[in-house]
Amino acid sequence: MPLDVILGSQWGDEGKGRITDLLAAEADVVARFNGGDNAGHSVTVGDRLFKLHLVPSGIVHSHTTCLLGNGMVINPAQLLEEIDQLDALGIDVSPDRLKLSSASHIITPAHLALDGARETKRDEGGLGTTRRGIGPAYTDKAARDGLRAGAMEKPEDFASQIEAHMRSTAEILDHVYGHKAPEATDVARTYYEHAVRLQPYLADVGALLADSLEQGKVVLAEGAQGTLLDLDHGTYPYVTSSTSTVAGALLGLGIGPKYLRRIIGVTKCFQTRVGTGPFPTELFDDTAERLRGTGEQPWDEFGTTTGRPRRCGWLDGVLLRYAARINSLSELALTKLDVLSGIDPIRLCVAYQHEGNTYEDLPSDPASLGQYAAQYEELPGWIDDLTVIHRWDDLPYNTQAYVHRVQALTGLPVHLISVGPERDQVVRLGNEN
Ligand code: IMP
């Protein structure tokens, strides 16, 4: 009856979809617990690339049941688009295997408009949100003014609720931000149609999961974003509005901790960030260009959701140790190790310097992180192409040394290393390292 959690240990975009896809081969249920279509997961299977924002990456395995948890905020138009796209690719997305929590919340065009309006009004480029309405939808939820997916059981009543919500938000948009809101009756009509289509997918996800776990099924909880974007534990206020840490898996799926087995921190071998906010190991030179890629490849460092180039820098061991602590990580899964080939030396941030002092932990106010300078350790690089390597023993000595150093720095074992986008471009580690 194990529950394994896959979450990001950085600022999102660690390659969680890739690791979920691997582990989903041996799981029965894959359940997403937080966020909305601000996330973007890419999964490559052969020559097919799947770009998903809401539907868990596990959907590409035909044996899994995929759940969208109560911790999520759902844009119904986006969900239906993904369902249609997956269906066109021959993937079964029937309500038998895809289920939406009745307690998840609904994103409306008013939330999208508010997200954009608030961003424009914020100083210094705002938070750099994805403008998908995430913050405003979670704000309504916390204010107890939200619209729950379960209301779609009665599409006509749901449409009335949507219309009322659009009208009240129109006043805020108009009076506070000087924006014109989309026409309430048009939106209500569209949402009526969405409700008719999504109604069969509604389920009590917490109850389903409890049954599955009691029956001994393997459940994977798939997080979106990453630890440092967590509303409480991230680099506030430069965070998202959901709980992307391990607590979010339980909260956002409606289950207790007794089933927890593995808590896997997916960690890219370098640091990236989209949007604004402090980033002590950020690079602005050729190495940053190299880490980012040109944008020609789907796995280059450009936002899946917004297309924005991601800020890139060296792996930050201080932040990684913090992620290990906040999430009680049991292990790490390293991604994109192949991208470091040809970079020499490789730098790894092991501490911060601030006003003449050295710090091995995050400051208590993460917003002040921008004032801390990274202190690096240099490790020798390697030139070998890792994308063709499948076994730990075949990795170059310096690559193994790099992985060992990350393990020592965090006190965590690394069980998986991805060395390319394909399913088989992975090195699995047992006790041999
Ligand atoms: P929001 O989630 O759209 O409100 O954006 C808040 C912050 O989280 C911004 O800095 C976004 O760039 C960042 N963010 C949201 N979702 C993702 C993601 O999936 N990957 C990386 N960054 C994200």
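Values quoted throughout were computed directly from the atomic coordinates according to the rules given, and no laboratory measurement underlies them. Keep in mind that what you see is a predicted model, and the values were worked out from it rather than measured. Because the Cβ atoms are built from the backbone with ideal geometry, glycine has one as well, and the counts that use them run over all protein chains shown.
Report the residue count in the range 257-278 for those that are part of a strand (DSSP E or B) and either within 16 Å of the ligand (Cβ to nearest atom) or small (Gly, Ala, Ser) (or both). Spell out how you get there, then give the answer.
Just the residues of the range 257-278 that are part of a strand (DSSP E or B), to begin with: 260-268, 270-273.
Checking which are either within 16 Å of the ligand (Cβ to nearest atom) or small (Gly, Ala, Ser) (or both) leaves us with 265-268, 270-273.
Going through the range 257-278 one residue at a time, the tally reaches 8.
Can you find, within the range 118-139, the residue that is surrounded by the fewest Cβ atoms within 10 Å (Cβ to Cβ) among those that are in contact (Cβ under 8 Å) with a residue 60 or more places away in the chain and part of a helix (DSSP H, G or I)?
Residue satisfying both the conditions and the ranking: THR139.
Out of curiosity, is LEU228 in contact (Cβ under 8 Å) with a residue 12 or more places away in the chain, within 16 Å of the ligand (Cβ to nearest atom) and not in a loop (DSSP other than H, G, I, E, B)?
Details: in contact (Cβ under 8 Å) with a residue 12 or more places away in the chain: yes; within 16 Å of the ligand (Cβ to nearest atom): yes; not in a loop (DSSP other than H, G, I, E, B): yes.
So LEU228 passes the test.
Quick check on the range 47-85: of everything there that is without any contact (Cβ under 8 Å) to a residue 40 or more places away in the chain and either within 16 Å of the ligand (Cβ to nearest atom) or small (Gly, Ala, Ser) (or both), which residue is nearest to HIS194 (Cα to Cα)? Walk me through it before giving the result.
Here is the first cut: in the range 47-85, the ones without any contact (Cβ under 8 Å) to a residue 40 or more places away in the chain are 47, 50, 52, 54, 59-60, 62-63, 66, 81-85.
Filter once more, so that each one left must be either within 16 Å of the ligand (Cβ to nearest atom) or small (Gly, Ala, Ser) (or both): 50, 52, 54, 62, 82.
Values: PHE50: 23, LEU52: 19, LEU54: 16, SER62: 25, GLU82: 13 Å.
Filtering first and then ranking leaves GLU82.
Tally time: how many residues in the range 162-181 are acidic (Asp, Glu) and surrounded by fewer than 16 Cβ atoms within 10 Å (Cβ to Cβ)? Full working, then the answer.
Narrowing the range 162-181 to residues acidic (Asp, Glu): 163, 171, 174.
Imposing the further condition that a residue be surrounded by fewer than 16 Cβ atoms within 10 Å (Cβ to Cβ) reduces the set to 171, 174.
Residues flagged as acidic (Asp, Glu) and surrounded by fewer than 16 Cβ atoms within 10 Å (Cβ to Cβ) within the range 162-181 amount to 2.
Show me the strands (runs of 3 or more DSSP E) found entirely inside the range 1-117 where at least 1 residues are small (Gly, Ala, Ser) and over 25 Å from HIS165 (Cβ atoms).
Values: elements: 3-8, 29-32, 41-45, 48-52, 65-68, 98-101.
In the range 1-117, the matching strands (runs of 3 or more DSSP E) lie at 3-8, 29-32, 41-45.
If we scan the range 279-294, do we find a residue that is closer than 18 Å to PRO366 by Cβ, assigned to a loop (DSSP other than H, G, I, E, B) and either among the aliphatic types (A, V, I, L, M) or in contact with a Cys (Cβ under 8 Å, 6 or more places away or on another chain) (or both)?
Looking through the range 279-294, at least one residue is closer than 18 Å to PRO366 by Cβ, assigned to a loop (DSSP other than H, G, I, E, B) and either among the aliphatic types (A, V, I, L, M) or in contact with a Cys (Cβ under 8 Å, 6 or more places away or on another chain) (or both).
Run down ARG423, ARG405 and say which single residue is surrounded by fewer than 19 Cβ atoms within 10 Å (Cβ to Cβ), part of a helix (DSSP H, G or I) and touching a residue at least 12 places away in the same chain (Cβ under 8 Å).
Details: ARG423 fails: part of a helix (DSSP H, G or I).
Testing whether each residue is surrounded by fewer than 19 Cβ atoms within 10 Å (Cβ to Cβ), part of a helix (DSSP H, G or I) and touching a residue at least 12 places away in the same chain (Cβ under 8 Å) leaves just ARG405.
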